[in-house]
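Heads up, the thing below is written out as structure tokens.
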Amino acid sequence: MLKLRQLQKQKQQEKQQETISSESKVQSSQIRLQKDITELDLPPSIKLQFPNEGDISNFIITIQPREGYYKNGKFRFSVGVTDNFPMEPPKIKCLQKIYHPNIDLEGNICLNILREDWSPVLNLNSVIIGLNFLLLEPNSNDPLNKQAANVLSKNKNLFASNVKSSMRGGYVDDEYYDHIM
Amino acid sequence: MELLGKIGPYNEVADEYDAAASVEALSESKVLVIGAGGLGCEILKNLSLTGFKKIHVIDMDTIDISNLNRQFLFRLKDVGKSKAEVAAKFVESRTQGVEIVPQFCKIQDKPLDYYKQFVCIICGLDSVEARRWINATLVTLAGEDIIIPLIDGGTEGFKGQSRVIFPSINSCYECTLDLVTPKITYPVCTIATTPRLPEHCIEWANEIEWPRIHSTKFDADNPDHVEWMYQTSLARAESFNITGVTKSLTLGVVKNIIPAIASTNAIIAASCCNEAFKLITNCNPMLDDYMMYSGDESIFTYTYKNIKKSDCPVCGNDLKVVKAEKWWNLKEFIEEIKHQKDIQMTNPSLSTKFQKLYFSSPESLRLATEKNLQMKLSDLVGDEEVIVTDPKLPISLRVRIVFN
């Protein structure tokens, strides 16, 4: 243990440090989350709500696109961050039933950085911007809602009108969608 | 023992080295082995044959029949029993004078005081989460000036690594968290609509069908659950003309199993025990501080030193003391922080383990926490640490408030 003693001596010479009991220590995932949340830089079309006082790990994002197919819709997503953040990506779900090629009827979202391409160097901001992008530019290449994707790739006008009627709360291809205007 | 009597040419502490003390340290030092699985079996065997006499071993797992090919301390009759208990008994029966204390529980179940009794901890774990936990725990202890070196081994198929962590002194596990290979995942859209591989079908059954049909969580140790998963994946694969879904692949995918190679475990365990031996006996310089081993295409090792991250959330920022007047409200305290030369924040956000004190952004949190600004600081915070972050700065600050 001589090596350790040597290292310890060196360290003590470097500086005196303060200590704190582990019971009141903040978890590292929470620190990172605090940083990510306060550093969010979002366009005015995106709003955050924290329904539970004192809890920053679970919140709601509302996106109101100002252009594109989903213009004027009000899309709500739940965000949940675990203690393993940023090793694990935040868990995001769409809270409404919407007509979108990359979001299924249960609210699962197909966005690469939420799963296979997540990395701890990404942050909450990148994920939310990604979500916003998905609403501005739905793509038919990676479908979760196959019918919607088919329509988008074959007939853009029909897709646009399908989106409009789904957002008003109505049926598209025998499926009822939530009113989100 | 004879070798310890001679001073090696590379000995770092030659003038203080004492052969007799080294031999004694070996039999007197209490060490903890975390994990009694593939690496753990090797480590326990190595340590006891090296001359360590006081060993604790902790593992929450029980022995599975699939462990027997490489976890050589276990026999068929042991299946279902605690790994730690069986391993301890086996090694004790084979090596004279060794005392091994088994703990059949999670590492998180033991209090901080339990860990204080060891001079060194050797980890043979398979989970990132457990490593992060023990790492953070030891860094916390280092804050109380109890420095317990952590020797961490890990293997994944033909690849492995070992590293030596002196908590709070060199880079900790959390400092290099971004080097951890991520879990293999597949795009949801591929799983949902265009599966091409048998794995896609299994992931579909696991992630989409299971939660849709069952209200309980999937349990990989429950044969009925596994059978359902297998049949569902198989049916899906057949409908897409995909071959190759087997029961063992199903289990492998849902449990994220990477085949364990006995020789990799042996090599990495040897490296870990070697480090423990050098640490306790001072006989030779230690690994500084990371060794990677790759045995899949020829054999290759590489050693380097990880850099201690100054903004590491676990070991990076030492606690800073900020003095405050008893009558201050939160706003006055924030002003104080902004003006302290060595902090220099312009838009700080503050929280404790128990609550958000003040968030400068986003708007909704600012409005929610604004009311705290006028509250008395001493009513909001006791002696718990306060985390201060600022969008302009890459680091976060741990602060303890001391009232005048």
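Listed values, structure above:
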| read-out | value |
| --- | --- |
| Fraction in percent of alpha-carbon pairs per bin - 10 Å, the protein assembly as shown | 3, 14, 21, 22, 19, 13, 5, 1, 0 |
| Expected 222 nm ellipticity per residue - DSSP helices of 4 or more, -39500 (n - 2.57), all of chain A, to 500 | -10000 deg cm²/dmol |
| Over chain B: helical MRE at 222 nm, DSSP H runs n ≥ 4 each giving -39500 (n - 2.57), nearest 500 | -10000 deg cm²/dmol |
| Residue pairs, from the table A:Lys47/A:Lys93; A:Lys93/A:Lys164; B:Lys83/B:Lys106; B:Lys30/B:Lys53, whose Cα atoms sit over 19 Å apart | A:Lys93/A:Lys164 |
| Accessible surface of the range A:1-136, 1.4 Å probe, proportion on carbon and sulfur as whole % | 47 |
| Along each principal axis, Cα extent of chain A, largest first, Å | 75, 33, 25 |
| Chain B, relative contact order in percent, only Cα pairs under 8 angstrom and at least six apart counted | 15 |
| Antiparallel %, DSSP beta bridges [both residues in chain B], to 5 | 55 |
| Order by protection proxy (mean Cβ within 10 Å, highest first), peptides B:146-155, A:132-141 | B:146-155, A:132-141 |
| Under 22 Å from the Cα of B:Lys331 - lysines, other chains or at least 8 residues apart | A:Lys35, B:Lys320, B:Lys323, B:Lys341, B:Lys353, B:Lys356, B:Lys371, B:Lys376, B:Lys392 |
| Average projected area [Cα convex hull, the range B:188-254], square nanometres | 4.0 |
| Distance from the range B:343-404 to the range B:136-187 (C-alpha centre basis), Å | 30 |
| Relative contact order computed over the range B:274-404 (Cα-Cα under 8 Å; 6+ residues apart), in percent | 25 |
| Per residue accessible area in Å² of the range A:2-176, where ligands, DNA and RNA are left out and the probe is 1.4 Å | 49 |
| Scaled radius of gyration (Cα, divided by 2.2 N^0.38 Å) that the range A:40-89 gives | 1.34 |
| Protein accessible area in chain B, 1.4 Å probe - carbon and sulfur % | 53 |
| 20 °C / 1.002 mPa s Stokes-Einstein diffusion coefficient of the range B:320-403, Kirkwood radius on C-alpha pairs, µm²/s | 169 |
| Overall Cα dimensions of chain B - principal axes, largest extent first, Å | 72, 69, 37 |
| For A:4-11, mean number of other protein chain Cβ atoms within 10 Å | 5 |
| Bridge type composition, the protein assembly as shown - antiparallel percent by DSSP, nearest 5 | 70 |
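The values are calculated or read from the model by the stated rules, or taken from the named source; none is laboratory data. Because the structure is predicted, anything quoted here is derived from the model rather than measured. Every residue, glycine as well, gets a Cβ built from its backbone with ideal geometry; the counts of neighbours run over all protein chains shown. SASA here: full protein model, heavy atoms, side chains in, ligands and nucleic acids out. Shrake-Rupley method; radii C 1.70, N 1.55, O 1.52, S 1.80 Å.
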